[in-house]
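Contents: one structure, followed by commentary.
The values are calculated or read from the model by the stated rules, or taken from the named source; none is laboratory data. Remember, it's a predicted structure, so these values are computed and weren't measured experimentally. Cβ placement follows ideal geometry from the backbone for every residue including glycine, while neighbour counts extend to all protein chains displayed. The area values use the complete protein model at the heavy-atom level, side chains included, leaving out ligands, DNA and RNA. Shrake-Rupley method; radii C 1.70, N 1.55, O 1.52, S 1.80 Å.
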Amino acid sequence: MQVRLKFEEVDLLAFDKKHIWHPYTSIENPLPVYHVASATGVRLKLADGRELIDGMSSWWSAIHGYNHPVLNAAVLKQIKKMAHVMFGGITHEPAVCLAGLLVDITPPPLQKVFFCDSGSVAVEVAIKMALQYWYTKGKREKSKLLTIRSGYHGDTFKAMSVCDPVLGMHHIFQDAFPKQYFADTPRCKFEEVWREEDIDSFQRLIETNCTNIAAVILEPIVQGAGGMRFYSPNYVKKVRLLCDQHNVLLILDEIATGFGRTGKLFASEHAGIYPDIMCVGKALTGGYLGLAATLTTDDISEVISSGDPGVFMHGPTYMANPLGCAVAVESVRLLLASPWRERVQGIEQQMKRQLSVCADCSAVQEVRVLGAIGVVEMKEDVDVARLQKEFVNKGVWVRPFRNLVYIMPPYIIKEEDLSLLTKTIVEIVEGL
Ligand SMILES: *Cc1c(COP(=O)(O)O)cnc(C)c1O
């Protein structure tokens, strides 16, 4: 047996192409990948020396930018104590501090914290909590979920069952998970005057099927990977009301929207409502480690504890990983101590000014900006590989998907760097 110790640049990319899956790509005919050697602030440094301004925050995560001295220090300090220890029968300060922070900054009814290692698992945990709650109450028929189309909740099975059925390619897995209830995608946009009929489809489904529905799950205000859509806070308010009226729990998936991205600390604040269960992840660790959490109320946890089996049946190996928790504590503190509201607002205003010119292009369907999220929706799907290459050649990191060219930069981005991002998007979109 010969073991490879080192790769030359050409070999590295060739080996990658031959052996490694990348997200949502063919392994036989993959899209090109770029070799990133390091990253600092809002800049990704490629192995060939080129620097790219980051428009993606590594999928909503790196809100403080890369290689942050405070977050680096938190990891180093913790790693000298312990990188990991099992959470069964053991607790540690990073987990307790982080749970304390989360209980303090999330809606007041949320008092109980379950840590896990990814957003998808946090969604699984949330759904299991809802199912076990009704099971314990003797309502076993409440086993289905209601959600809205164009949603995204992760790649594990139950999470996948509530992703948009078309985009999530449910037909491939139709025998592997039960069909859930899907209301129409909300049409009323974030800043539009509320139209009562927007809730009709949802209302009909919950009224007709509430005896079988354990919970509603949705991404409040911003639907992420399902289409980068921003919808009316009134819709979320109505959903809360209808859930209460029909004895259905409400799960809010704030994995993408949490920690300031939409201009509020959590997107549910736009609607002024509280969920029964909430998932956070992504920016939780500032983009350092995979960590997520599911929070719930005293009522739900008491009911789950009251019956048989009386315990919540979940416990990942890396539950509450100390390194992840330690860096998350510092990331949340850093956020709270920073002028994040002003920064996100500044990014929002600048993107509104600078991206709006795209709206005049014939290939563009709509330009929309909310908080630190800027979206140029094209009329047709774009050639991801070609556009990506053009962006890289112009010195920015933007990764479009389907018909969406979008950015969600780290909150610390400077005005001139953001200008380069938006200018490049305008140039490339105008060329389509
Ligand atoms: C990314 C995402 C998830 C899944 O999180 P992973 O950490 O990728 O498993 C779930 N819900 C939403 C809204 C997300 O954006």
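Tabulated data for the structure shown
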{"read-out": "Test: Ile199 is buried (at least 20 other Cβ atoms within 10 Å of the Cβ) and part of a helix (DSSP H, G or I)", "value": "yes"}
{"read-out": "Enumeration of residues in the range 132-169 that are open to solvent by 50 Å² or more (accessible area, probe 1.4 Å) and more than 16 Å from the ligand (Cβ to nearest atom)", "value": "Tyr135, Lys137, Gly138, Lys139, Arg140, Glu141, Ser143, Lys144, Val166, Met169"}
{"read-out": "Checklist (1) over 28 Å from Trp59 (Cα atoms); (2) within 16 Å of the ligand (Cβ to nearest atom); (3) acidic (Asp, Glu) applied to Glu196, failing item", "value": "(2)"}
{"read-out": "Any chance Glu219 is in the same structural domain as Gly151 (by TED's automatic domain parsing) and either away from the ligand (no atom under 16 Å from the Cβ) or surrounded by fewer than 20 Cβ atoms within 10 Å (Cβ to Cβ) (or both)", "value": "no"}
{"read-out": "So Thr211, is it over 18 Å from the mean Cα position of the chain (by Cα) and either assigned to a strand (DSSP E or B) or within 15 Å of the ligand (Cβ to nearest atom) (or both)", "value": "no"}
{"read-out": "Boolean, Val103 is within 14 Å of the ligand (Cβ to nearest atom), out of contact with any Asp or Glu (no Cβ under 9 Å at 6 or more places or on another chain) and under 27 Å from Phe259 (Cα atoms)", "value": "no"}
{"read-out": "Index of the failed condition, Thr185 passing every other in (1) of a type in the set (Ser, Thr, Tyr); (2) more than 16 Å from the ligand (Cβ to nearest atom); (3) part of a loop (DSSP other than H, G, I, E, B)", "value": "(2)"}
{"read-out": "Residue count for the range 12-69, restricted to those that are within 16 Å of the ligand (Cβ to nearest atom) and more than 24 Å from Thr285 (Cα to Cα)", "value": "2"}
